[in-house]
Amino acid sequence: MDTPPHDTPHDTPQTLPFVPDLSRIVIATGNPHKVEELRQMLALPGVEFVGLKELPDWEGFVEPEETGQTFEANAAIKALSYAEQTGMPCLADDSGLEVDALGGAPGVISSHYCTEGREVGMPR
């Protein structure tokens, strides 16, 4: 006799994967303009998006080092780091300039490209 589908071990509460509370999601940035922009873009009923600086212990958060080679990798580094620090689901973005004539440069180092006081060895 076959076991009915609803009686399979996969349907028991003990084996269901953890589902985080998605009613409050952290936008992993301290930039209030970016927080507001993402709030407007992502407006979802029943979901509150909060910026890092809106959390009570935000000054104690450690900003992760963005060591990724792509914007996506750096966004993932930020989201995962702040999710671990806050205990809440987080989303992050990373952006910059990629110029075809420069072979995609400056890319992930856009914010440091051609700036005064640049670090030794950084492109001009």
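What follows is calculated from the coordinates using simple rules that are stated; it is not laboratory data. A quick note: this is a predicted structure, and the numbers were derived from the prediction, not measured.
Computed from backbone phi with θ = phi - 60° and the Karplus coefficients 6.51, -1.76 and 1.60, the 3J(HN,Hα) list for the range 72-80 is 4, 5, 5, 5, 5, 4, 5, 4, 5 Hz; x is used for glycine and proline. Mean sequence separation of contacting Cα pairs (under 8 Å, at least six apart), scaled by the length of the range 21-93, corresponds to a relative contact order of 41 percent.
Taking amide hydrogens as placed 1.01 Å from N in the peptide plane, the amide H of residue 25 sits under 5 Å from those of 48, 49, 50, each at least 5 positions away in sequence or on another chain. The length gained on full extension between residue 40 and residue 100, counted as 0.36 nm times the residue separation minus their Cα-Cα distance, comes to 18.5 nm. Distant-in-sequence amide contacts of residue 68, defined by a placed amide H-H separation under 5 Å and a gap of 5 or more residues or a different chain, comprise 74. Per-residue extension of 0.36 nm, minus the Cα-Cα distance of residue 58 and residue 22, leaves a gain of 11.0 nm for this segment.
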